[in-house]
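Everything on this sheet refers to the single structure shown next.
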Amino acid sequence: MSIKKILKNLAPQFILEWYLTYKLRSGWFKRKNTTEDNHLEMYWNTRNSVNRIRLIELIKREISDISHPDQLNILEYGSHVGINLDIIDSLLPDNSITFYAVEPNLEAINFMREKLPYVKLLHADDVNFVKNDLFPPTKVQISFVNSVFYCMNPKRVQSVLLKLSKISDVIILGEGMVNLNGNQSEFMIDPPCFQHPYRKWLGNLNFIECWSEDVPDPRPQLNKFIAFRKKYNSSIQTERH
């Protein structure tokens, strides 16, 4: 019997949650590329995923709504091998876009350095990203996070969102959203994942929801895309149907 099943049968809820949270985090940071788990090529080859295709379409739509400055800046938090950034770049080759990526998995960062030399990278966990005042070196028009926050505890997610709120005009999330309207985070045991109250948290950071959409192929860790825009004044039109 696996440790997970033993803990599920015997351990108090808080111990089980602690163990599963630790496994989620360490599995992200320390995941190794092996013959059995070739996670680098696996993610790189998900270009035709229906969820990824729709995410990119929504990001493109958001880009088209921006009054373009001389340079457009986009940041992805938890980019893994950077497949989302690569697709955006291939679809918008004539745009002056500077891409920024934050990723804690060293193998994924090294893979991205080779495949996407134009992306400005930060190899860091959430703590070091939040503490790093030099990355990114400028404000960004769009930050996005796709199926990453489900494996981070509430305090870590809130600290990352706080930094993103300070540097971003728009924040796009693709996550599990069954607790979207909640007051505090909840943790699912099977499959293990956090469900965070994004509407409350982003509202408290002076961001307002501008659109949301169910993903084509939902699962507990990813069932909705949602975008929040910084609320500069009451006259800003944020609704899109």
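Okay, here's what the table says:
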quantity: Residues that are over 20 Å from Ile66 (Cβ atoms) and touching an Asp or Glu at 6+ places or on another chain (Cβ under 9 Å), drawn from the range 119-139; calculated: Leu121, Leu122, His123, Ala124
quantity: Enumerated strands (runs of 3 or more DSSP E) restricted to the range 99-180, each holding at least 2 residues that are in contact (Cβ under 8 Å) with a residue 40 or more places away in the chain, touching a Ser or Thr at 6+ places or on another chain (Cβ under 6 Å) and over 22 Å from Glu41 (Cα atoms); calculated: 140-146, 168-175
quantity: Identity of the residue in the range 177-209, touching a strand residue (DSSP E or B) at 6+ places or on another chain (Cβ under 9 Å) and over 17 Å from Leu161 (Cα atoms), that ends up surrounded by the most Cβ atoms within 10 Å (Cβ to Cβ); calculated: Cys193
quantity: Qualifying positions in the range 69-89 - in a strand (DSSP E or B) and of a type in the set (Val, Ile, Thr); calculated: Ile74
quantity: Search result, residues across the range 142-162 that are in contact with an Asp or Glu (Cβ under 8 Å, 6 or more places away or on another chain), surrounded by fewer than 20 Cβ atoms within 10 Å (Cβ to Cβ) and polar (S, T, N, Q); calculated: Ser159
quantity: Residues located in the range 181-213, provided they are part of a helix (DSSP H, G or I) and either of a type in the set (Lys, Arg) or in contact (Cβ under 8 Å) with a residue 24 or more places away in the chain (or both); calculated: Tyr198, Arg199, Lys200, Trp201, Leu202
quantity: Top-ranked residue in the range 27-39 [being farther than 13 Å from Asn153 by Cβ and under 21 Å from the mean Cα position of the chain (by Cα); ranked as modelled with the highest pLDDT]; calculated: His39
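The values are calculated or read from the model by the stated rules, or taken from the named source; none is laboratory data. Please read all numbers here as calculations on a predicted model, not as lab measurements. All Cβ positions, even for glycine, are placed from backbone atoms using ideal geometry, and neighbour counts span all protein chains on display.
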